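The values are calculated or read from the model by the stated rules, or taken from the named source; none is laboratory data. Predicted model, so just to flag it, every value in this text is computed and none were measured. Neighbour counts are summed over all protein chains in view; Cβ atoms, including those assigned to glycine, are modelled from backbone coordinates with ideal geometry. Quick note on the areas: whole protein, heavy atoms, side chains included, nothing else; ligands and nucleic acids left out. Shrake-Rupley method; radii C 1.70, N 1.55, O 1.52, S 1.80 Å.
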Amino acid sequence: MRTFELLVIGSGPAGIQAAASYAEAGGPGPVAIVSADVDEPYMRPPLSKDSLAGGPPVEPTPIGPAVPKDAELLLGRNVTAIDLEKRTVTAGDETLGFRRLVVATGAVPTPFPEADADAEIHLLRSLEDARCLTAAAKRSTSAVVIGSGFIGCEAAASLGSRGVDVTLVTPEDGPQTTRLGDHASRQITSWLTDLGVEIRTGVQVTHVDAPRTVHLDDGTTLAPDMILSAIGMQPAAGDLGDPAGLQTYDGRLVADERLSVAPGVWVAGDSARGLNVTAGRSLDVEHWGDALAMGDLVGRNAAATDGSGEETGDGWQPWSDVPGFFSEIGEHTLQYAAWGDGHERAEVVERTGGFTVWYADADDVVVGVLTYNADDDYERGSGLVAQKATLTEALSGARPDEDDPEGDSGDGDA
Ligand SMILES: Cc1cc2nc3c(=O)[nH]c(=O)nc-3n(C[C@H](O)[C@H](O)[C@H](O)COP(=O)(O)OP(=O)(O)OC[C@H]3O[C@@H](n4cnc5c(N)ncnc54)[C@H](O)[C@@H]3O)c2cc1C
């Protein structure tokens, strides 16, 4: 049996960054990354954007951090079990030993539940999914997209801009209304309709018959050339974590503030439910940049400990970042920094050629900011969220306290 000083499960941004940061921080080798994915590590965000819109063919865009040169990349290997006592994982017919383990298994798309087994419904997560989806788009003049989350909206915009007649079906009152509020939803609606996307709001898909007949609960039926279901993601760590005796929540591994789940074992990215010390609570985050940031943190924390979890290096770091993401809907880019677990109030500020929405909780504390063509608001917004500024401060143009970039002097509930 081969035993690795660091074994990473998953070749997404969290896993690759964890291995890269571990090596950069001087963690000892050998290091291996084992992944179910068959492709070299690649960026996921372009998969719902350029290539689907008819841009360059679907090719793997390398992830920013490179795989460390001495690390082994074991692709096409599904890990089916973790044994914490023996310090091993089962990957196909091989058992791999580890001293430190990072779980970065990400998420998989939720399959559409009400459908014939042989209904032709695309999902979008992997490069292979994107190849199939783009090939279908080339053959199609009409499409139904189910779900108005970011992937649904981005994909609908991309298909619309390549000339496909798209119908976006959503139970929400408008795209993203629940998460982002009415103003942002109206903007997204106008961007989509400008690209010819028809949006059916307040309707549920009751069933999809094979091959591609979509029944809606308003009694209508659609028969497109292709269907994409984008109704959400399921974190992919529960099946590994539960049998191993790790604490899980909705398929995520529950981690402390150092993103550790057991001695010498960490989690990062979409599979993590970590304690964010700035928020003062556990957060679920499904964003590219945060997967990289969490990977960086666990890589460094792993390098600062021996295999039993005892500190050996410069000490560990807590997870403190305000989560944030970008989304491109056609030619329009939204930026969002927020704890991501809801808001009570939303205040809109119009900007030249753009807008900002400030989100606040019941105590008028800023919990998020969404910007469109308002980079200055985005830059100060993330700091104001961290510092738990009030909505009044945000609206008055306040800037975050430079000496307190992560809100360490906030209300101390971390
Ligand atoms: C189409 C699309 C567009 C997106 N656009 C944006 C965007 O614009 N902005 C943004 O912020 N975010 C975006 N995201 C979200 C972002 O891509 C994810 O948050 C990010 O990829 C999460 O990284 P991760 O490393 O946690 O997981 P993943 O990237 O999902 O990687 C998980 C890895 O683990 C592997 N794996 C899973 N289970 C096992 C197992 N049992 N054994 C071995 N390997 C396993 C998988 O094969 C994969 O390699 C997008 C996502 C998609 C799908």
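For region 1-73, report the translational diffusion coefficient in µm²/s to the nearest whole number, using Stokes-Einstein at 10 °C, 1.306 mPa s, and a Kirkwood Rh over Cα pairs.
120
Between region 115-140 and region 268-328, what's the alpha-carbon centroid distance in Å?
33
Scaled to the compact-protein estimate 2.2 N^0.38 Å, what is the alpha-carbon radius of gyration of region 208-305, rounded to two decimal places?
Here the Cα radius of gyration is 1.50 times the empirical estimate.
List, largest first, the extents of the alpha carbons of region 342-395 along their principal axes, each in whole Å.
Computed over the Cα atoms, the extents are 31, 18, 18 Å.
What do you get for GluC sites (Glu not before Pro) in region 92-153 restricted to DSSP loop and a cutoff of at most 12 other Cβ within 10 Å of the site's Cβ?
Passing both the DSSP loop test and the Cβ count: E114.
Considering amide H positions built from the backbone, and no H for Pro or chain starts, which residues 5 or more places from V8, or on another chain, come under 5 Å of its amide H?
So V8 has HN proximity to A32, I33, V34, V102.
Using a cut-off of 16 Å between alpha-carbon atoms, which aspartates and glutamates can reach K49, once sequence neighbours fewer than 8 places away in the same chain are excluded?
Cross-link targets: E59, E128, D129, E154, E328, E331.
Restricting to Cα atoms and excluding each atom paired with itself, what does the Kirkwood estimate give for region 111-229 in Å?
14.2 Å is the Kirkwood radius here.
Can you tell me the FRET efficiency between D375 and E94 if r is taken as the Cβ-Cβ distance and R0 is 56 Å, rounded to the nearest 0.05?
That gives a FRET efficiency of 0.70.
Starting at the first residue of region 267-273, write each ³J(HN,Hα) from the Karplus equation 6.51 cos²θ - 1.76 cosθ + 1.60 with θ = phi - 60°, in whole Hz, x for Gly and Pro.
Once rounded to whole Hz, the list reads 10, 8, x, 4, 7, 9, 10.
Would you pull out the residues with amide H under 5 Å of G232's amide H, same chain only if 5 or more places away, H placed 1.01 Å from N?
T110
If each DSSP helix of 4+ residues adds -39,500 (n - 2.57) and the sum is divided by the residues in the chain, what number results at 222 nm, nearest 500 deg cm²/dmol?
Mean residue ellipticity, 222 nm, calculated: -7000 deg cm²/dmol.
Just for region 63-183, what percent of DSSP beta bridges are antiparallel, to the closest 5?
60
May I ask for the Kirkwood hydrodynamic radius of the chain, worked out over all distinct Cα pairs and given in angstroms to one decimal?
Value: 22.4 Å, from the Cα pair sum.
If you average the sequence gap of Cα pairs under 8 Å that are 6 or more apart and divide by the length of the chain, what percent do you get for the contact order?
Rounded, it is 15 percent for the chain.
Using per-residue counts of other Cβ atoms within 10 Å, averaged over each peptide, order 344-350, 3-9, 138-144 from highest down.
3-9, 138-144, 344-350
Along the charge dipole of region 319-407, which of G381, G354, T392 sits closest to the positive end, that is, farthest toward it, with unit charges on the beta carbon of Lys, Arg, Asp and Glu (+1, +1, -1, -1)?
The Cα lying farthest towards the positive end belongs to G354.
Whole number please: convex hull volume per residue, Cα atoms of region 244-397, in Å³.
Spread over its residues, the Cα hull of region 244-397 gives 124 Å³ apiece.
How much accessible area per residue does region 111-229 have, counting only protein heavy atoms and a probe of 1.4 Å, in square angstrom?
Here the per-residue accessible area is 41 Å².
For a quick check: with amide H placed at 1.01 Å from N, whose amide H comes under 5 Å from E257's, ignoring anything fewer than 5 positions away on the same chain?
For E257, the qualifying residues are L275.
What does the charge add up to near G251, with Lys and Arg as +1, Asp and Glu as -1, over the other residues with Cβ less than 11 Å from its Cβ?
Value of the local net charge: -3.
First compute the accessible area of the chain with a 1.4 Å probe, then give the percent of it belonging to carbon and sulfur atoms.
Of the solvent-accessible surface of the chain, carbon and sulfur hold 46 percent.
Mind checking the per residue accessible area of region 281-345 for me, 1.4 Å probe, whole number of Å²?
I get 42 Å² per residue for this part.
Apply the Karplus curve 6.51 cos²θ - 1.76 cosθ + 1.60, θ = phi - 60°, to the phi angles in region 31-45 and return the couplings in whole Hz, x for Gly and Pro.
10, 9, 10, 10, 9, 5, 5, 9, 8, 3, x, 9, 7, 8, x
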